[in-house]
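What follows is one structure encoded as structure tokens, with my remarks underneath.
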């Protein structure tokens, strides 16, 4: 296992980390399928990863990750606590709410989290998070009180992560990316300001959906060129722990065209790398719809359709009659965005029959 610096925290973290979603039990709205191991089995899986050299373990509060937080806390008691880094997170944006959740997480874990993230920050809640009395201010206070080690912002949105990178109260960022959805990683690599922060990368396997078209070695090797501190892998079985952590992976460079060509053997993907530069005059998240279209064909049919149905029909009508087309002016892959929206619309119509 190789290790990387976690920004300016002074911590060294394993290049590959343990994402605890697959070891949860409970009814929570998480994306991937999970294996629901009992506590003893989950602890043994984490122990195996630890023995391979993995020292970074990421979890979240029970409402988001079921009992994974409790299981991680139990595991932490069986080893030298100083040899692992625990990150935790909660989806609360006001200062009072996140302060309460941190105290609850400390109780659930039985130890102080090394990093605590405000989870799922987006444009709709960012002003509250970063503003006076917001969640970030509370985390900064908790850090000074010694209740957490470092503060973090977790988001799927480049603009939010850029704002966090500029904020001196933030120590660590967490964002998503993989060899398909690489657009945000490419932008982060070009910006000097991100080098000041630790960066935790999630969705390396795209919630497991890219395993099949690509091997684990290709998915891990393909992201090693990017400037992250630790890449989280969802681990739910002993075999997955072996495959992820038993050996060091070599960097592999895939062009974006090579990735989409591989997917084209199974379906015609929308060639969006989620750079998030497309801007819709009506506020529609174009890249999110494109992602759900690809996820539908990669095996998440029911989940993707439900996500698309939330606003696709309304936004499809906007797209049909929009004359500005500012989204197409910014798209680095030169996609015919109205045409792709038509394709998604046709998919939903046919799925409903």
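Residues that are in a loop (DSSP other than H, G, I, E, B), over 21 Å from the mean Cα position of the chain (by Cα) and within 23 Å of residue 188 (Cβ to Cβ) within the range 254-268 comprise just one, 255.
So for the range 21-35 (the condition being in contact with a strand residue (DSSP E or B) (Cβ under 6 Å, 6 or more places away or on another chain), closer than 27 Å to residue 197 by Cα and in the same structural domain as residue 232 (by TED's automatic domain parsing)), does at least one residue qualify? Checked against the condition, which is being in contact with a strand residue (DSSP E or B) (Cβ under 6 Å, 6 or more places away or on another chain), closer than 27 Å to residue 197 by Cα and in the same structural domain as residue 232 (by TED's automatic domain parsing), the range 21-35 yields at least one hit.
Using beta carbons and a limit of 6 Å, which pairs, at least six apart or on different chains, have the first residue in the range 37-65 and at positive phi and assigned by TED's automatic domain parsing to the domain that holds residue 203 and the second one crowded, with 16+ Cβ neighbours inside 10 Å and not in a helix (DSSP H, G or I)? Close Cβ pairs satisfying both conditions: 53/14. For the range 284-299, check the following and say yes or no: at least one residue is surrounded by fewer than 14 Cβ atoms within 10 Å (Cβ to Cβ) and in a helix (DSSP H, G or I). No: zero hits. Of all residues in the range 159-182, those that are farther than 27 Å from residue 255 by Cα, outside any loop (DSSP other than H, G, I, E, B) and either modelled with pLDDT under 95 or in contact with a helix residue (DSSP H, G or I) (Cβ under 7 Å, 6 or more places away or on another chain) (or both) total 3.
Taken over the range 135-158, residues that are farther than 25 Å from residue 186 by Cβ, under 22 Å from the mean Cα position of the chain (by Cα) and not in a loop (DSSP other than H, G, I, E, B) amount to 5.
For residue 162, the conditions (1) within 17 Å of residue 7 (Cα to Cα); (2) more than 18 Å from the chain's Cα centre (by Cα); (3) surrounded by fewer than 22 Cβ atoms within 10 Å (Cβ to Cβ) are fulfilled apart from (2).
The values are calculated or read from the model by the stated rules, or taken from the named source; none is laboratory data. On a predicted model such as this, the values are computed, not experimentally measured, just so you know. Neighbour counts are summed over all protein chains in view; Cβ atoms, including those assigned to glycine, are modelled from backbone coordinates with ideal geometry.
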